1. Pick from LEU85, LEU141, LEU71: which is among the hydrophobic types (A, V, I, L, M, F, W, C) and assigned by TED's automatic domain parsing to the domain that holds ARG180?
2. Tell me whether the range 137-153 contains one or more residues that are more than 22 Å from ASP178 (Cβ to Cβ) and out of contact with any Leu (no Cβ under 6 Å at 6 or more places or on another chain).
3. Could you grab the pairs with beta carbons closer than 9 Å, sequence gap of 6+ or different chains, first residue in the range 1-21 and under 14 Å from LEU58 (Cβ atoms) and surrounded by 15 or more Cβ atoms within 10 Å (Cβ to Cβ), second one at pLDDT below 90 and not acidic (Asp, Glu)?
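The values are calculated or read from the model by the stated rules, or taken from the named source; none is laboratory data. The shown structure was predicted, so the numbers you read here are calculated from the model rather than taken from an experiment. All Cβ positions, even for glycine, are placed from backbone atoms using ideal geometry, and neighbour counts span all protein chains on display.
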Amino acid sequence: MTREFTQAEIDKHDALVERADKLCQGMLLIHDSYPPNRLGWFGRRKLRKAILCFEEALRMNPQAWASMWRLGKIHQRLGDHSTSLRWFSRAHKVNPTQPDVAREAGLAALDCGQAKAALKFCQAAVDNSPDDAGLVCNLALAHMLCGDDQAALQCVTRAVEADPNDKVSANVRKLVCDVRDGKRRRPRSLGDAFPN
């Protein structure tokens, strides 16, 4: 049973989320918006303040999956992949049909080298948005990290056919083929697969 919130509680919650969003503005990778490469001291400080705001908002409304997702994005930006994965996992538990939540959880699991968890999240993302070539490509990566090169090749081929101009899918296809053919060792994480 969920309780009713007073207008004052709603206003306080919304103000916290709005403040946190302003603190994060322009610093997170969201869809196709690329933040500056370097995150300086001041940027990190702003993101840590945003974390406190989102956490306080979640104490007020523990089912707010969007705040969990944003916390995952902040920790992703700070390079704390395990904490990022925890927040995305919580958001996915609350809203399992939202493909972007599953996408981010899958990518965070890939970042952490948790291939089986990544496979679960990536499959959920594809189940909820089967025509998204990027999600299918992520699923291919998860299959490859789990050692199933045949399933990986099927997925990445589907992704390439859906969007032949996508360079990411083409790179993943080459990686899957190289691993399958023994030209490259099997990566253990996303960073291992695509080092900077």
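1. Residue meeting the stated conditions: LEU141.
2. No.
3. Once the first residue is under 14 Å from LEU58 (Cβ atoms) and surrounded by 15 or more Cβ atoms within 10 Å (Cβ to Cβ) and sits in the range 1-21, its partners that are at pLDDT below 90 and not acidic (Asp, Glu) give HIS13/PHE5.
Quick grid of which residues meet (1) buried (at least 17 other Cβ atoms within 10 Å of the Cβ); (2) outside any helix (DSSP H, G or I); (3) assigned by TED's automatic domain parsing to the domain that holds ILE30:
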position	(1), (2), (3)
SER89	yes, no, yes
ALA105	yes, no, no
PRO130	no, yes, no
ALA159	yes, no, no
